[in-house]
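Below: the structure, in structure tokens.
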Amino acid sequence: MWRASKSRFDVATNVDQGSRPYQQDALLANFPTGEDWGIGILADGMGGHASGDVASGIVVGQTFAELRSRLSDCTSVPARAPQTLRAAVNAANAAVDRRATGDATLKGMGSTVVACMAMGPDLYWASVGDSLLLLCREGNLLRLNEDHSMAPQIDAMVASGMLSQDFGANHPDRHQLTSAVCGDALVRVDCPDAPFKLRTGDVLVVASDGLQTLPDDVIGKTVYRLRRKASADIADALVRAVGERNDPRQDNLAVMVIKVASDAPVASKPARPVPEEAALNVVALAEANWQEVTPAPSSPAQGPTTATTPAPQHSAKPASTEIEVEAAPDILARALSL
């Protein structure tokens, strides 16, 4: 479990391995204390243990490095946020291609990605795949980003009566991705030009699809019940609720909870620029040595791990990886000297 110090945003992360023999979800939260901005990135790798965790590590590291190298002071460049997010996702896609091209054992690897940037009350994001960006506001749960899987089409067929609800919920192609970060041309990238306006009391949940073991109403009620608690309490409760389902096919799970604690701007000194070479160190960690923070296949995920129970595997071509959440601040400390 990792939690950022409180300012405008109260942020916490949590991961769980589920019943999988390896962890392929990766995430990184960078919300500097006393600042009005922050970056959150989550990736769900695919391609098996030999490559899924590598893909998600590269995607998280490359996306973050690209964002920080382009936006040394995130509060001063909101107009550039959408194009910067798109560039970051494209850079991550190119990095996956380079790594897979240079290692035959990694052929076919890929990942989803949700990269979000909060700039005061403005939320920008870019996403590819089926990982979740959820908003809980006044007891209502809303998915903000697009679902790049076959699930929306299957649900439409259920709604029209073409498929039964039970067959639709368990359809073998439900988790087939229609767009993924796998080195090929990106089929779809969800990146709105206009920001989503956040309010005090809003709670954002960024998660891999392992969270969807829980019905939407359970996710919404859990967040709403704990809305006055710390973000760490919400993240822990969501992971614990998934574990209590005892699903023998439980997928990896990664969760980032971002609470909007205040609408008032934070009075602080300008963010200091991040040297280009420091940002590139994050990529070096992603491409060369993610095993520093990734447990061996036979080891359980560290931290508060309550789920003991893989959802259907993603398909790596259009249609999940892991940095231990607790290790994410350490990566930032070593790579960015924060």
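The values are calculated or read from the model by the stated rules, or taken from the named source; none is laboratory data. Just so it is clear, the structure is predicted and the values come from calculations on it, not from any experiment. Note that each Cβ is placed from the backbone with ideal geometry, even for glycine, and that neighbours are counted across all protein chains shown.
Could you tell me how many of the residues in the stretch 221-230 are in contact with a Cys (Cβ under 8 Å, 6 or more places away or on another chain), in a helix (DSSP H, G or I) and surrounded by fewer than 20 Cβ atoms within 10 Å (Cβ to Cβ)? Talk me through it step by step, then tell me what you get.
Within the stretch 221-230, the first condition is being in contact with a Cys (Cβ under 8 Å, 6 or more places away or on another chain), and the residues that meet it are 223-224, 227.
Filter again for in a helix (DSSP H, G or I), leaving 223-224.
Okay, now just the ones that are also surrounded by fewer than 20 Cβ atoms within 10 Å (Cβ to Cβ), so 224.
Total meeting the criteria: 1.
Here's the yes/no breakdown for (1) over 30 Å from Arg227 (Cβ atoms); (2) in a helix (DSSP H, G or I); (3) of a type in the set (A, V, I, L, M, F, W, C); (4) more than 17 Å from the chain's Cα centre (by Cα):
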{"site": "Trp125", "(1), (2), (3), (4)": "no, no, yes, no"}
{"site": "Pro152", "(1), (2), (3), (4)": "no, yes, no, yes"}
{"site": "Met157", "(1), (2), (3), (4)": "yes, yes, yes, yes"}
{"site": "Ser179", "(1), (2), (3), (4)": "yes, no, no, no"}
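Tell me the residue from Ala12, Ala55 that is at pLDDT 90 or above, in contact with a helix residue (DSSP H, G or I) (Cβ under 7 Å, 6 or more places away or on another chain) and part of a strand (DSSP E or B), please. Even if it seems obvious, please write down each step before you answer.
On the way: Ala55 fails: part of a strand (DSSP E or B).
Selected residue: Ala12, the only one of Ala12, Ala55 that is at pLDDT 90 or above, in contact with a helix residue (DSSP H, G or I) (Cβ under 7 Å, 6 or more places away or on another chain) and part of a strand (DSSP E or B).
Please tell me if Gly120 is over 27 Å from Ile219 (Cα atoms) and not hydroxyl-bearing (Ser, Thr, Tyr). Spell out how you get there, then give the answer.
Values: over 27 Å from Ile219 (Cα atoms): no; not hydroxyl-bearing (Ser, Thr, Tyr): yes.
Answer is no for this residue.
Which of (1) modelled with pLDDT of 95 or more; (2) in contact with a helix residue (DSSP H, G or I) (Cβ under 6 Å, 6 or more places away or on another chain); (3) farther than 17 Å from Val114 by Cβ does Asp217 not meet, given it meets every other one?
(2)
Could you check, for the stretch 78-90, whether at least one of its residues is at pLDDT below 90, over 25 Å from Leu253 (Cα atoms) and buried (at least 19 other Cβ atoms within 10 Å of the Cβ)?
Step one: list which residues in the stretch 78-90 are at pLDDT below 90, which gives 78-80.
With the extra rule that they be over 25 Å from Leu253 (Cα atoms), the set shrinks to 78-80.
Keeping just the survivors that are buried (at least 19 other Cβ atoms within 10 Å of the Cβ) gives none.
Scanning the stretch 78-90 turns up no residue that is at pLDDT below 90, over 25 Å from Leu253 (Cα atoms) and buried (at least 19 other Cβ atoms within 10 Å of the Cβ).
Given the structure, is Leu186 at pLDDT 95 or above, in a loop (DSSP other than H, G, I, E, B) and either in contact with a helix residue (DSSP H, G or I) (Cβ under 7 Å, 6 or more places away or on another chain) or of a type in the set (A, V, I, L, M) (or both)? Show your work before the answer.
Values: at pLDDT 95 or above: yes; in a loop (DSSP other than H, G, I, E, B): yes; either in contact with a helix residue (DSSP H, G or I) (Cβ under 7 Å, 6 or more places away or on another chain) or of a type in the set (A, V, I, L, M) (or both): yes.
Yes.
Tell me whether the stretch 127-134 contains one or more residues that are under 25 Å from Ala235 (Cβ atoms) and in a helix (DSSP H, G or I).
Pass one, the stretch 127-134, residues under 25 Å from Ala235 (Cβ atoms): 127-134.
Those still in the list that are in a helix (DSSP H, G or I) too: none.
No; the residues of the stretch 127-134 include none that is under 25 Å from Ala235 (Cβ atoms) and in a helix (DSSP H, G or I).
Restricting attention to the stretch 202-220, and to residues there that are assigned to a loop (DSSP other than H, G, I, E, B) and not small (Gly, Ala, Ser), which single residue is nearest to Arg137 (Cα to Cα)? Spell out the reasoning first.
Restricting attention to the stretch 202-220, the residues satisfying the condition of being assigned to a loop (DSSP other than H, G, I, E, B) are 202, 208, 214-215.
Checking which are not small (Gly, Ala, Ser) leaves us with 202, 214-215.
Numbers: Asp202: 5, Leu214: 18, Pro215: 17 Å.
The extreme case among them is Asp202.
Out of all the residues in the stretch 200-218, which are in contact with a strand residue (DSSP E or B) (Cβ under 7 Å, 6 or more places away or on another chain) and surrounded by fewer than 19 Cβ atoms within 10 Å (Cβ to Cβ)? Working first, answer last.
Narrowing the stretch 200-218 to residues in contact with a strand residue (DSSP E or B) (Cβ under 7 Å, 6 or more places away or on another chain): 200-211, 216.
Scanning the stretch 200-218 gives Thr200, Gly201, Asp216.
For the subset of the stretch 21-56 comprising residues that are surrounded by fewer than 24 Cβ atoms within 10 Å (Cβ to Cβ) and of a type in the set (D, E, K, R), which member is nearest to Ala264 (Cα to Cα)?
Asp36
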